[in-house]
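Below: one structure, written as structure tokens.
Rule-based calculations on the coordinates, nothing more; no lab input. Please read all numbers here as calculations on a predicted model, not as lab measurements. Every residue, glycine as well, gets a Cβ built from its backbone with ideal geometry; the counts of neighbours run over all protein chains shown.
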Amino acid sequence: MKKSSTKEFLNKEEVNEMIESAIRRHNRRSTIISSVLGWILIGGYSFGLFQAVQNV
């Protein structure tokens, strides 16, 4: 039984492009997640502040 395996190697430019693409995708996703969490926290803070002011 013979194993016919073709090895395909990536050159340095392709690897760098893959890394840059992964970094861009990560930054985009983390920005969206941070923005959503920030709005939720600001909303919760302002809701609590308005409740405290209303009760005073």
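In table form, for the structure just shown:
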{"item": "Value at 222 nm in deg cm²/dmol, rounded to 500, when DSSP H runs of n ≥ 4 in the chain each add -39,500 (n - 2.57)", "result": "-29000 deg cm²/dmol"}
{"item": "Selected from 50, 30, 10, residue furthest toward positive end of dipole (the chain; charges at beta carbon)", "result": "10"}
{"item": "Point-to-point label distance, residue 10-residue 31, nm (Cα→Cβ direction, 7 Å offset)", "result": "2.3"}
{"item": "Rounded to 10°, Cα long-axis angle of helix 12-55 versus longest principal axis of the chain", "result": "10"}
{"item": "Structure-derived Kirkwood radius over Cα pairs in Å: which label, when the choices are (1) 15.7; (2) 16.0; (3) 11.5", "result": "(2)"}
{"item": "Estimated dipole of the chain in Debye, rounded to 20 [Cβ of Lys and Arg +1, of Asp and Glu -1, Cα centre]", "result": "320"}
